[in-house]
1. Of LYS206/LYS257; LYS217/LYS285; LYS203/LYS278; LYS138/LYS163; LYS200/LYS226; LYS200/LYS278, which pairs sit farther than 31 Å apart, going by alpha carbon to alpha carbon?
2. For the range 242-285, with only Lys/Arg (+1) and Asp/Glu (-1) charged at the beta-carbon, what is the dipole magnitude about the Cα centre, in debye rounded to 20?
3. For the range 236-285, report the accessible area per residue in Å² (1.4 Å probe, heavy atoms, rounded to an integer).
4. Under the definition of Cα pairs under 8 Å and six or more residues apart, what whole-number percent is the relative contact order of the range 96-236?
5. Can you tell me, using C-alpha contacts under 8 Å and at least 6 residues apart, the relative contact order of the range 225-285 as a whole percent?
6. Spelling out what I want: for every residue of the range 212-226, take phi, set θ = phi - 60°, compute 6.51 cos²θ - 1.76 cosθ + 1.60 (Karplus), and round to whole Hz; glycine and proline get x.
7. Calculate the dipole size of the range 128-285 relative to its Cα centre from +1 charges on Lys and Arg beta carbons and -1 charges on Asp and Glu beta carbons; express the result in debye to the nearest 20.
8. Tell me, what % of the accessible area of the range 140-234 is carbon and sulfur with a 1.4 angstrom probe?
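The values are calculated or read from the model by the stated rules, or taken from the named source; none is laboratory data. Values in this document were obtained by computation on a predicted structure and should not be read as measured data. We place every Cβ from the backbone using ideal geometry, glycine too, and count neighbours over all the protein chains shown. Protein only, heavy atoms only, side chains kept; ligands, DNA and RNA dropped before computing areas. Shrake-Rupley method; radii C 1.70, N 1.55, O 1.52, S 1.80 Å.
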Amino acid sequence: MKKALTLMVGTLLLASCDQLFKSNQNSEENYQLDSLQSIIDQKDDDLNEMMDAFNEIQAGFDEINEAEGRVNLLNESAEGNNVKANIQENMEFIENVMEENRRKIAELEEKLKSSSLNSTKLQETLNKLTAQLQEKTKEIDELKNALAERDVKIQELDESVNKLTQENTQVKAEKDATTAIAQKQDAQLNTAWYVFGTNKELKSHKIIVDGDVLKSKDFDAEYFTKIDIRNTTVIPLNSKSAKLLTTHPQGSYSLLKDGKGEYTLRITNPTEFWSVSKYLVIRVK
(Lines give C-alpha, C1' and ligand atoms only; values in the text may rest on other atoms or scores of the structure.)
Protein backbone atom coordinates (compact mmCIF):
# COMPACT_ATOMS: atom_id res chain seq x y z
CA MET A 1 0.00 0.00 0.00
CA LYS A 2 2.84 2.33 0.90
CA LYS A 3 4.56 1.60 -2.36
CA ALA A 4 1.33 2.20 -4.28
CA LEU A 5 0.79 5.55 -2.55
CA THR A 6 4.35 6.61 -3.26
CA LEU A 7 3.92 5.70 -6.90
CA MET A 8 0.68 7.70 -7.10
CA VAL A 9 2.25 10.78 -5.53
CA GLY A 10 5.21 10.56 -7.88
CA THR A 11 2.90 10.30 -10.86
CA LEU A 12 0.94 13.36 -9.75
CA LEU A 13 4.13 15.33 -9.22
CA LEU A 14 5.35 14.45 -12.68
CA ALA A 15 2.04 15.41 -14.21
CA SER A 16 2.02 18.68 -12.31
CA CYS A 17 5.56 19.55 -13.39
CA ASP A 18 4.73 18.73 -17.00
CA GLN A 19 1.65 20.97 -16.91
CA LEU A 20 3.63 23.81 -15.34
CA PHE A 21 6.29 23.50 -18.03
CA LYS A 22 3.72 23.55 -20.75
CA SER A 23 2.03 26.60 -19.18
CA ASN A 24 5.30 28.50 -19.01
CA GLN A 25 6.05 27.54 -22.57
CA ASN A 26 2.65 28.81 -23.74
CA SER A 27 3.11 32.13 -21.91
CA GLU A 28 6.46 32.71 -23.59
CA GLU A 29 5.00 31.94 -27.00
CA ASN A 30 2.04 34.28 -26.37
CA TYR A 31 4.39 37.08 -25.33
CA GLN A 32 6.43 36.65 -28.47
CA LEU A 33 3.29 36.62 -30.59
CA ASP A 34 2.01 39.80 -28.94
CA SER A 35 5.32 41.55 -29.51
CA LEU A 36 5.35 40.49 -33.15
CA GLN A 37 1.75 41.63 -33.63
CA SER A 38 2.60 44.97 -32.03
CA ILE A 39 5.48 45.42 -34.48
CA ILE A 40 3.25 44.49 -37.39
CA ASP A 41 0.55 46.89 -36.23
CA GLN A 42 3.09 49.71 -35.88
CA LYS A 43 4.43 49.06 -39.37
CA ASP A 44 0.87 49.03 -40.72
CA ASP A 45 0.18 52.36 -39.03
CA ASP A 46 3.39 53.86 -40.43
CA LEU A 47 2.61 52.54 -43.88
CA ASN A 48 -0.96 53.81 -43.83
CA GLU A 49 0.18 57.22 -42.60
CA MET A 50 2.78 57.45 -45.34
CA MET A 51 0.32 56.37 -48.03
CA ASP A 52 -2.14 59.01 -46.83
CA ALA A 53 0.62 61.61 -47.05
CA PHE A 54 1.55 60.42 -50.56
CA ASN A 55 -2.06 60.77 -51.65
CA GLU A 56 -2.40 64.23 -50.10
CA ILE A 57 0.76 65.44 -51.84
CA GLN A 58 -0.39 64.10 -55.19
CA ALA A 59 -3.81 65.69 -54.71
CA GLY A 60 -2.00 68.97 -54.00
CA PHE A 61 -0.12 68.69 -57.30
CA ASP A 62 -3.41 68.03 -59.11
CA GLU A 63 -4.90 71.19 -57.59
CA ILE A 64 -1.81 73.16 -58.62
CA ASN A 65 -2.16 71.90 -62.20
CA GLU A 66 -5.78 73.04 -62.30
CA ALA A 67 -4.87 76.46 -60.91
CA GLU A 68 -2.06 76.78 -63.46
CA GLY A 69 -4.55 76.06 -66.22
CA ARG A 70 -6.84 78.80 -64.93
CA VAL A 71 -3.99 81.30 -64.76
CA ASN A 72 -2.84 80.50 -68.31
CA LEU A 73 -6.40 80.89 -69.58
CA LEU A 74 -6.84 84.20 -67.77
CA ASN A 75 -3.45 85.38 -69.01
CA GLU A 76 -4.64 84.98 -72.60
CA SER A 77 -8.01 86.65 -72.03
CA ALA A 78 -9.04 90.30 -72.20
CA GLU A 79 -7.67 92.86 -69.80
CA GLY A 80 -9.55 94.06 -66.77
CA ASN A 81 -9.39 94.42 -63.02
CA ASN A 82 -11.35 91.20 -62.51
CA VAL A 83 -8.89 89.23 -64.65
CA LYS A 84 -5.90 90.58 -62.69
CA ALA A 85 -7.61 89.84 -59.39
CA ASN A 86 -8.40 86.25 -60.45
CA ILE A 87 -4.81 85.67 -61.58
CA GLN A 88 -3.51 86.99 -58.25
CA GLU A 89 -5.92 84.79 -56.31
CA ASN A 90 -4.91 81.64 -58.22
CA MET A 91 -1.19 82.40 -57.87
CA GLU A 92 -1.58 82.81 -54.11
CA PHE A 93 -3.39 79.48 -53.99
CA ILE A 94 -0.58 77.80 -55.97
CA GLU A 95 2.09 79.22 -53.65
CA ASN A 96 0.22 78.00 -50.56
CA VAL A 97 -0.26 74.47 -51.89
CA MET A 98 3.37 74.30 -53.08
CA GLU A 99 4.59 75.30 -49.63
CA GLU A 100 2.33 72.69 -48.03
CA ASN A 101 3.67 69.98 -50.35
CA ARG A 102 7.27 70.95 -49.56
CA ARG A 103 6.53 70.60 -45.85
CA LYS A 104 4.82 67.21 -46.27
CA ILE A 105 7.64 65.81 -48.45
CA ALA A 106 10.24 66.94 -45.90
CA GLU A 107 8.27 65.24 -43.11
CA LEU A 108 8.02 62.03 -45.15
CA GLU A 109 11.77 62.01 -45.71
CA GLU A 110 12.42 62.26 -41.97
CA LYS A 111 9.76 59.67 -41.15
CA LEU A 112 11.09 57.18 -43.68
CA LYS A 113 14.59 57.54 -42.26
CA SER A 114 13.47 56.86 -38.70
CA SER A 115 10.87 54.24 -39.60
CA SER A 116 11.41 50.49 -39.30
CA LEU A 117 9.97 50.24 -42.80
CA ASN A 118 12.78 49.54 -45.19
CA SER A 119 10.86 49.71 -48.46
CA THR A 120 12.56 50.44 -51.74
CA LYS A 121 9.18 51.15 -53.28
CA LEU A 122 8.38 53.79 -50.69
CA GLN A 123 11.72 55.48 -51.25
CA GLU A 124 11.18 55.42 -55.02
CA THR A 125 7.74 57.00 -54.59
CA LEU A 126 9.19 59.69 -52.34
CA ASN A 127 11.94 60.38 -54.88
CA LYS A 128 9.34 60.80 -57.62
CA LEU A 129 7.39 63.25 -55.50
CA THR A 130 10.57 65.21 -54.79
CA ALA A 131 11.37 65.33 -58.51
CA GLN A 132 7.81 66.40 -59.24
CA LEU A 133 8.14 69.17 -56.66
CA GLN A 134 11.34 70.44 -58.28
CA GLU A 135 9.78 70.34 -61.76
CA LYS A 136 6.66 72.11 -60.56
CA THR A 137 8.77 74.79 -58.84
CA LYS A 138 10.48 75.43 -62.18
CA GLU A 139 7.11 75.66 -63.95
CA ILE A 140 5.77 78.13 -61.41
CA ASP A 141 8.88 80.30 -61.76
CA GLU A 142 8.41 80.35 -65.54
CA LEU A 143 4.75 81.25 -65.06
CA LYS A 144 5.73 84.11 -62.73
CA ASN A 145 8.17 85.40 -65.36
CA ALA A 146 5.47 85.21 -68.03
CA LEU A 147 3.06 87.15 -65.82
CA ALA A 148 5.73 89.73 -65.04
CA GLU A 149 6.43 90.16 -68.76
CA ARG A 150 2.69 90.43 -69.33
CA ASP A 151 2.47 93.23 -66.76
CA VAL A 152 5.30 95.08 -68.51
CA LYS A 153 3.51 94.74 -71.84
CA ILE A 154 0.26 95.85 -70.23
CA GLN A 155 2.02 98.88 -68.77
CA GLU A 156 3.49 99.72 -72.19
CA LEU A 157 0.07 99.22 -73.74
CA ASP A 158 -1.51 101.43 -71.08
CA GLU A 159 1.05 104.14 -71.80
CA SER A 160 0.32 103.87 -75.53
CA VAL A 161 -3.40 103.97 -74.86
CA ASN A 162 -2.99 106.96 -72.56
CA LYS A 163 -0.91 108.75 -75.15
CA LEU A 164 -3.42 107.94 -77.85
CA THR A 165 -6.24 109.03 -75.56
CA GLN A 166 -4.48 112.33 -74.92
CA GLU A 167 -3.97 112.81 -78.65
CA ASN A 168 -7.59 111.95 -79.33
CA THR A 169 -8.67 114.33 -76.57
CA GLN A 170 -6.58 117.08 -78.10
CA VAL A 171 -7.95 116.34 -81.57
CA LYS A 172 -11.49 116.27 -80.18
CA ALA A 173 -10.92 119.55 -78.37
CA GLU A 174 -9.63 121.13 -81.57
CA LYS A 175 -12.53 119.65 -83.49
CA ASP A 176 -15.00 120.89 -80.88
CA ALA A 177 -13.45 124.33 -81.01
CA THR A 178 -13.65 124.35 -84.81
CA THR A 179 -17.24 123.11 -84.64
CA ALA A 180 -18.10 125.78 -82.08
CA ILE A 181 -16.59 128.47 -84.29
CA ALA A 182 -18.44 127.11 -87.30
CA GLN A 183 -21.68 126.96 -85.35
CA LYS A 184 -21.15 130.49 -84.11
CA GLN A 185 -20.42 131.72 -87.61
CA ASP A 186 -23.40 129.80 -88.91
CA ALA A 187 -25.59 131.31 -86.23
CA GLN A 188 -24.30 134.77 -87.07
CA LEU A 189 -24.95 134.22 -90.75
CA ASN A 190 -28.49 133.12 -90.01
CA THR A 191 -29.31 135.70 -87.37
CA ALA A 192 -31.43 138.74 -88.14
CA TRP A 193 -33.37 141.37 -86.19
CA TYR A 194 -36.74 142.89 -86.90
CA VAL A 195 -38.94 145.55 -85.40
CA PHE A 196 -42.34 147.03 -86.26
CA GLY A 197 -43.94 150.03 -84.69
CA THR A 198 -45.60 153.35 -85.31
CA ASN A 199 -43.62 156.27 -86.63
CA LYS A 200 -43.63 157.78 -83.16
CA GLU A 201 -42.40 154.56 -81.54
CA LEU A 202 -39.61 154.13 -84.05
CA LYS A 203 -38.49 157.72 -83.53
CA SER A 204 -38.54 157.37 -79.76
CA HIS A 205 -36.10 154.49 -80.03
CA LYS A 206 -33.92 156.47 -82.50
CA ILE A 207 -34.55 153.91 -85.20
CA ILE A 208 -35.82 156.77 -87.35
CA VAL A 209 -33.90 160.02 -87.00
CA ASP A 210 -34.65 162.97 -89.28
CA GLY A 211 -36.41 160.67 -91.71
CA ASP A 212 -33.44 158.31 -91.98
CA VAL A 213 -33.68 154.68 -90.90
CA LEU A 214 -30.93 153.14 -88.75
CA LYS A 215 -28.52 155.98 -89.44
CA SER A 216 -28.01 156.83 -85.79
CA LYS A 217 -25.26 154.91 -84.04
CA ASP A 218 -27.11 154.90 -80.75
CA PHE A 219 -30.43 153.41 -81.91
CA ASP A 220 -32.13 151.12 -79.40
CA ALA A 221 -30.97 147.67 -80.45
CA GLU A 222 -32.84 146.10 -77.52
CA TYR A 223 -36.11 147.11 -79.16
CA PHE A 224 -35.49 144.63 -81.99
CA THR A 225 -36.48 140.96 -81.92
CA LYS A 226 -33.69 138.50 -82.70
CA ILE A 227 -34.58 135.59 -85.02
CA ASP A 228 -33.07 132.68 -86.91
CA ILE A 229 -33.88 133.38 -90.55
CA ARG A 230 -34.09 129.66 -91.27
CA ASN A 231 -36.93 129.23 -88.84
CA THR A 232 -38.81 132.54 -88.88
CA THR A 233 -40.50 133.25 -92.19
CA VAL A 234 -43.86 134.57 -91.00
CA ILE A 235 -44.22 137.78 -88.94
CA PRO A 236 -47.74 138.88 -87.92
CA LEU A 237 -47.85 142.69 -87.83
CA ASN A 238 -51.29 143.14 -86.22
CA SER A 239 -51.93 146.26 -88.24
CA LYS A 240 -54.04 147.29 -91.26
CA SER A 241 -51.19 149.46 -92.49
CA ALA A 242 -47.58 148.25 -93.00
CA LYS A 243 -44.56 149.49 -94.90
CA LEU A 244 -41.00 148.11 -95.01
CA LEU A 245 -38.52 150.91 -94.30
CA THR A 246 -35.36 148.83 -94.80
CA THR A 247 -34.25 147.49 -98.17
CA HIS A 248 -35.21 143.92 -99.10
CA PRO A 249 -35.39 142.55 -102.65
CA GLN A 250 -38.79 142.47 -104.28
CA GLY A 251 -40.09 138.97 -104.90
CA SER A 252 -38.50 137.61 -101.73
CA TYR A 253 -41.48 138.49 -99.55
CA SER A 254 -45.14 139.36 -99.56
CA LEU A 255 -47.47 141.41 -97.37
CA LEU A 256 -50.81 139.69 -97.02
CA LYS A 257 -53.97 140.64 -95.16
CA ASP A 258 -55.84 138.18 -93.01
CA GLY A 259 -59.59 138.00 -92.39
CA LYS A 260 -59.43 141.03 -90.10
CA GLY A 261 -57.61 143.07 -92.72
CA GLU A 262 -54.38 143.02 -90.72
CA TYR A 263 -51.06 142.48 -92.45
CA THR A 264 -48.71 139.57 -92.10
CA LEU A 265 -45.21 139.53 -93.59
CA ARG A 266 -44.31 136.26 -95.31
CA ILE A 267 -40.69 135.77 -96.32
CA THR A 268 -40.69 133.45 -99.33
CA ASN A 269 -36.94 133.51 -100.02
CA PRO A 270 -35.04 134.04 -96.73
CA THR A 271 -31.55 134.01 -98.29
CA GLU A 272 -32.41 136.70 -100.78
CA PHE A 273 -34.62 138.67 -98.40
CA TRP A 274 -31.84 139.12 -95.84
CA SER A 275 -29.02 139.49 -98.38
CA VAL A 276 -29.04 143.30 -98.29
CA SER A 277 -29.64 143.89 -94.60
CA LYS A 278 -30.01 141.75 -91.51
CA TYR A 279 -32.20 144.41 -89.94
CA LEU A 280 -35.88 144.71 -90.84
CA VAL A 281 -37.85 147.80 -89.91
CA ILE A 282 -41.60 148.00 -90.60
CA ARG A 283 -43.74 151.01 -89.90
CA VAL A 284 -47.30 150.28 -88.91
CA LYS A 285 -50.26 152.39 -87.80
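1. Checking Cα-Cα distances, LYS138/LYS163 exceed 31 Å.
2. Using Cβ point charges on Lys, Arg, Asp and Glu, the range 242-285 gives about 200 debye.
3. It amounts to 57 Å² per residue over the range 236-285.
4. It comes to 16 percent, rounded to a whole number.
5. This gives 43 percent for the range 225-285.
6. Working through the residues one at a time gives 8, 9, 6, 8, 7, 6, 10, 5, 7, 5, 5, 6, 7, 9, 8 Hz.
7. It works out to roughly 1260 debye.
8. Roughly 51 percent, rounded to a whole number.
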